[in-house]
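Quick notes on the structure that follows.
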Amino acid sequence: MKVLVFYTKSFSYAPKEKNLKNTPVPDSGNTFSNCILAFIQVEATDEENDVKSREKKLVNHLKWTARKNNTQNIVLHSFAHLSNSKASVPFTQEIFNAAQTRLENAGYQIAQTPFGYFLDLKIDAPGFSLARIWAEL
């Protein structure tokens, strides 16, 4: 799994183009402030492990990043451009949903961008070292 995390003063998205069949119609978009924006790519090799072990690594990384940036707000964004390897859609969605549940149970405010859509993005990310973190989990 590859994760590119940005601390953002402001982040907004608007769905533009559907890229997966059988995905639900998304909302018209949303805006968040003072949040961690996590670009996440679940890879094919992640499917060799169970969902719980992969989700736990992701959640621990996101909690650490949120603490370092003094926020409780996290947005999960599926971003299949960090590697050539891609996990199946159901496995990826299962990890995202499990991570959301675990983070909400820990008191974080969590959102997911619409899965299966290309989005227009607006990102206001300040320029300091822990505002951008890349990890291979």
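General observations
- Lys9 being in contact (Cβ under 8 Å) with a residue 60 or more places away in the chain, over 23 Å from Asn73 (Cβ atoms) and not polar (S, T, N, Q): no
- Filter pass, Ala44 being surrounded by 16 or more Cβ atoms within 10 Å (Cβ to Cβ) and either small (Gly, Ala, Ser) or in contact with a His (Cβ under 6 Å, 6 or more places away or on another chain) (or both): no
- Restricting the stretch 58-70 to residues that are of a type in the set (A, V, I, L, M) and out of contact with any strand residue (DSSP E or B) (no Cβ under 6 Å at 6 or more places or on another chain), the residue that is surrounded by the most Cβ atoms within 10 Å (Cβ to Cβ) is Leu58.
Yes/no per residue for (1) among the β-branched types (Val, Ile, Thr); (2) touching a helix residue (DSSP H, G or I) at 6+ places or on another chain (Cβ under 7 Å); (3) surrounded by 17 or more Cβ atoms within 10 Å (Cβ to Cβ):
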residue: Lys56; (1), (2), (3): no, no, no
residue: Gln72; (1), (2), (3): no, yes, no
residue: Ser83; (1), (2), (3): no, no, no
residue: Gln93; (1), (2), (3): no, no, yes
residue: Ala98; (1), (2), (3): no, yes, yes
residue: Ala125; (1), (2), (3): no, yes, no
residue: Ser129; (1), (2), (3): no, no, no
residue: Ile133; (1), (2), (3): yes, yes, yes
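- The number of residues in the stretch 27-67 that are within 12 Å of Tyr7 (Cα to Cα), in contact (Cβ under 8 Å) with a residue 40 or more places away in the chain and within 13 Å of the chain's Cα centre (by Cα) comes to 6.
- So Ile133, is it touching a residue at least 40 places away in the same chain (Cβ under 8 Å) and either more than 13 Å from Val3 (Cα to Cα) or touching an Asp or Glu at 6+ places or on another chain (Cβ under 7 Å) (or both): no
- Test: residue in the stretch 75-94 that is among the small types (Gly, Ala, Ser), within 21 Å of Ala14 (Cβ to Cβ), part of a strand (DSSP E or B) and touching a residue at least 60 places away in the same chain (Cβ under 8 Å): no
- Selected residue (only one of Phe115, Phe79, Phe96, Phe128 is over 17 Å from Leu58 (Cα atoms), touching a strand residue (DSSP E or B) at 6+ places or on another chain (Cβ under 7 Å) and of a type outside the set (A, V, I, L, M)): Phe115
Read the figures in this text as sums done on the coordinates, not as results from a lab. Only a predicted model underlies this, so the values are computations on that prediction, with no experimental measurement involved. Don't worry about glycine lacking a Cβ; one is built from the backbone with ideal geometry, like all the others, and counts go over all protein chains shown.
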